[in-house]
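To start, the structure under review is shown below, and the notes come after it.
The values are calculated or read from the model by the stated rules, or taken from the named source; none is laboratory data. Quick caveat, the model's predicted, so the values are computed rather than measured. Quick reminder, even Gly has a Cβ in these numbers, built from the backbone with ideal geometry, and neighbours come from all protein chains shown.
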Ligand SMILES: [Zn+2]
């Protein structure tokens, strides 16, 4: 982590273009493109940065929020705001997609279809590219699933980790980021209904099927197994949501 030399932040010419949060975003983006800001760098404190760029603190904050939403910046409580540095795939925040879902009324069927397309692609690629370590992690998560058949919430955590590992094993960080963004939303919904899950054993078996196809380096089979798993998962989730709604008399999001 390096502290930054303050004169790389040029004051935005407010007469030229007004001092909007878009200006903050574009200035920070340019600095990243030019290599003046690098992964792991900490931004100066808000008060100083606002003065350097020549914008108000709320404007600066709005700009920072936009960049955090697309996974460029990360604010850590008490530590400051950093340029995201990660060994894994860059992560996209799910909130823009959530907002779109609310605005445009995305249906759960559309979300599942998007997830299915992405996950079938990554499963096929994982069968070609997964490393031994990644396969070992998949196997551990499956063991975890079988060990938590009676604890749906715990099961769901292993389930999520399994899918994230398959995605990482695809070696395509764009597909991985998109997949994580879509599935985070579905897992959030699922975490509210999973208590009512049935047939977790069958679900665990299906994950094992995906894992075996990947281990055998069989992309077609991996895609097919992933498809079957997600079709069933969709049905299960819709049933759980129905039951939950009936027993609560409340709306369940994204049915
Ligand atoms: Zn799963």
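Residue count for the stretch 81-105 satisfying the condition of being closer than 22 Å to residue 26 by Cβ, modelled with pLDDT of 70 or more and touching a helix residue (DSSP H, G or I) at 6+ places or on another chain (Cβ under 9 Å): 3. Contact annotation: residue pairs with Cβ atoms under 6 Å, 6 or more positions apart or on different chains, pairing a residue in the stretch 151-166 that is over 16 Å from residue 222 (Cα atoms) with a partner that is more than 11 Å from the ligand (Cβ to nearest atom) and outside any helix (DSSP H, G or I), are 152/197; 154/148; 155/148. Using the structure shown, decide if residue 7 is outside the structural domain of residue 180 (by TED's automatic domain parsing) and at pLDDT 80 or above. In short, no. Listed conditions (1) more than 11 Å from the ligand (Cβ to nearest atom); (2) in contact with a helix residue (DSSP H, G or I) (Cβ under 8 Å, 6 or more places away or on another chain); (3) in a helix (DSSP H, G or I); (4) in contact (Cβ under 8 Å) with a residue 60 or more places away in the chain are all met by residue 217, apart from (3). Can you confirm whether residue 155 is closer than 17 Å to residue 191 by Cβ and more than 16 Å from the chain's Cα centre (by Cα)? Answer is yes for this residue. Of all residues in the stretch 198-214, those satisfying the criterion of being away from the ligand (no atom under 12 Å from the Cβ) and in a helix (DSSP H, G or I) are 201, 212, 213, 214.
Out of all the residues in the stretch 101-115, is one or more more than 21 Å from the chain's Cα centre (by Cα) and either assigned to a helix (DSSP H, G or I) or closer than 21 Å to residue 234 by Cα (or both)? Spell out how you get there, then give the answer.
If we filter the stretch 101-115 for residues that are more than 21 Å from the chain's Cα centre (by Cα), which is where we start, we get none.
No; the residues of the stretch 101-115 include none that is more than 21 Å from the chain's Cα centre (by Cα) and either assigned to a helix (DSSP H, G or I) or closer than 21 Å to residue 234 by Cα (or both).
How many of the residues in the stretch 66-77 are free of Cβ contacts under 8 Å to residues at least 24 places away in the same chain and within 22 Å of residue 33 (Cα to Cα)? So the answer is 2.
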